[in-house]
C-alpha cells in the first residue's frame with residue numbers, strides 16, 4: 001500500500017444499511033453474518049459468535065483469544081489481529 | 001445548433017448520481033442523454049431513465065466499450081441522428097445533449113472526435129466538460145492512475161462527489177491536488193448532486209504521482225453475473241468486503257442488483273470502497289456487473305459461486 005494513502009475501506013456501516021431497519025431485521029442480519037463468517041474463516045481456525053442480547057460479534061481463535069467487533073468491515077482487522085493473515089476470496093478454498 | 005455537455009470521471013466517481021440530479025434541476029431541459037457503460041450490460045441507463053423522463057429527455061445507452069475508442073462510431077451515429085432529427089423538425093430552441101462517458105474513457109479523445117468530424121463540428125458545440133472525482137478515494141486515484149489525472153486536466157468543471165462523507169479538510173486537500181493538475185477549472189463539492197463551493201487548501205499538501213511506467217499494463221475486462229432471488233445479503237456482503245480489501249486495485253468497480261430475501265438492493269463498490277446500498281429502482285435487471293483489471297472473469301465468478309452459494313449456479 002502507498003504510504004501517502006489511507007487504508008482502503010468504508011466509512012459507513014453499509015452491511016447494516018442493506019438489512020431491514022427493524023430490531024428483528026438487525027438481529028437476523030447479525031446472526032447470519034456470524035454464520036457466514038464462521039464458514040469463511042474456519043480454515044484460519046476462527047469462529048464468529050453472535051450472542052443473543054448483544055449487537056456485537058465475537059471473533060474467537062482456537063486458543064480462545066477474542067476480538068469483539070460491531071461492523072462487518074471490522075471483521076478483516078480482527079482476523080489480521082488474531083492470525084496475522086487476511087482472506088483472499090480468489091484463492092481456492094482449502 | 002446543439003449544446004453538448006460531456007460528463008466524465010473514473011469508475012464509481014459518482015457521474016450517474018450527479019447527472020440524475022443535474023437533469024432534475026436543469027431549467028433549460030435536455031433533449032438527449034447518451035450513457036456509456038464499459039460493460040456489455042449497462043446499469044446506468046436504467047438508473048438514469050427516471051430522472052431523464054422527468055426532465056423530458058431520451059436516454060440512449062451505448063454499452064460494451066468506451067466511447068473514446070471501441071464505440072466512438074456509435075457515439076458519432078447517435079449524435080448525427082440527433083442532428084438529423086433537429087434539422088427535419090422545427091426546433092424552437094437550441095438542442096441540448098448530455099454525454100456520460102464510461103469511467104475508463106479518455107475525454108480528450110471524445111472532444112477531438114467532436115472537433116474532427118465535419119458534421120459535428122458545424123452542428124454541435126461542447127458547452128462544458130464536467131469531470132466527477134470521488135471525494136473520498138479520488139486522491140488515491142489521482143496519485144496512482146495516469147488516466148484519472150488526464151481526465152481532470154482537461155475539465156472545465158470538476159465536481160468532488162460524496163462531500164457528506166469527507167472528513168474535515170479532506171475535500172479541500174483533494175481540491176488542491178485537482179488545482180495543481182488544472183489551474184482554471186471551476187471546482188465544486190457535491191452531495192448526491194447538490195453542489196456547494198469548495199476552496200482548495202492553501203498551502204497544498206504535496207502529492208507524489210508515482211504510476212508513470214511502474215504499474216503493470218492494465219488488462220481491463222468486465223463480466224456480468226446473475227444472482228438468484230433470495231441471495232443471502234450476509235454472504236454477498238462478506239464476499240464483497242473481502243474482495244474489495246484483497247484487490248482494491250483490481251476489482252475496479254461492481255454495480256448491480258442483489259435480490260435479497262428482504263428486497264432488491266442496488267449495491268456498488270469502487271475500488272476498496274463500498275457505497276451504502278439502497279433499494280433498487282424498478283426496471284433494472286437482476287444482476288451484477290464487475291469491471292476487473294488483471295483478474296480473470298472466470299476466477300471471479302468461481303469465487304462468487306463458492307463464497308455466495310445462495311446466489312445460485
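Tabulated data for the structure shown
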| item | result |
| --- | --- |
| Using alpha carbons only: equivalent-ellipsoid semi-axes of chain A, gyration tensor based, whole Å | 22, 18, 13 |
| Per-residue mean of C-beta atoms belonging to partner chains within 10 Å, peptide B:246-255 | 2 |
| Stokes-Einstein translational diffusion, region A:49-93 - Kirkwood Rh over all Cα pairs, 1.567 mPa s, 4 °C, in µm²/s | 113 µm²/s |
| When the convex hull of its Cα atoms is projected in every direction, mean area for region A:7-52 (nm²) | 4.2 nm² |
| 222 nm mean residue ellipticity, helices alone, for chain B (DSSP H n ≥ 4; -39,500 (n - 2.57); rounded to 500) | -10500 deg cm²/dmol |
| Cα-based Rg and Dmax for region B:20-70, where Dmax is the largest Cα-Cα distance (Å) | 11.5, 34 |
| Top of A:73, A:13, A:21 by mean-square fluctuation, Gaussian network on chain A, Cα under 10 Å | A:21 |
| Ranked list, fewest to most other Cβ atoms within 10 Å of each Cβ, for B:134, B:207 | B:207, B:134 |
| Volume in Å³ per residue [convex hull over Cα atoms, computed for region B:220-276] | 70 Å³ |
| Value in Å of the Kirkwood radius, where region B:191-305 supplies the Cα pairs that are averaged | 16.2 Å |
| Spread of Cα-to-Cα distances over 20 Å intervals beginning at zero, given as percent, for the protein assembly as shown | 26, 55, 18, 1 |
| Long-range Cα-Cα pairs in region B:1-132 (distance over 25 Å), rounded percent | 17 percent |
| Chain B: most fluctuating residue of B:301, B:59, B:267 per GNM, C-alpha cutoff 10 Å | B:301 |
| Where only alpha carbons of chain B are counted, the Rg and the Dmax (Å) | 19.5, 58 |
| Residues listed by number, region B:253-279, amide nitrogen under 14 Å from residue B:286 label point at 7 Å toward C-beta | B:257-266 |
| Antiparallel content of DSSP bridges confined to the protein assembly as shown, in %, to 5 | 50 percent |
| Candidates B:36, B:182, B:123, ranked by Gaussian network fluctuation over chain B, Cα under 10 Å, top entry | B:123 |
| Cβ crowding within 10 Å averaged over residues, with B:105-111, B:280-286 ranked highest first | B:105-111, B:280-286 |
| Peptide-level mean, for A:68-80, of C-beta atoms on other protein chains within 10 Å | 2 |
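Rule-based calculations on the coordinates, nothing more; no lab input. Keep in mind the model is a prediction, meaning the values are calculated, not measured. With ideal geometry, Cβ positions are generated from the backbone for all residues, glycine too; neighbour counts draw on all protein chains shown.
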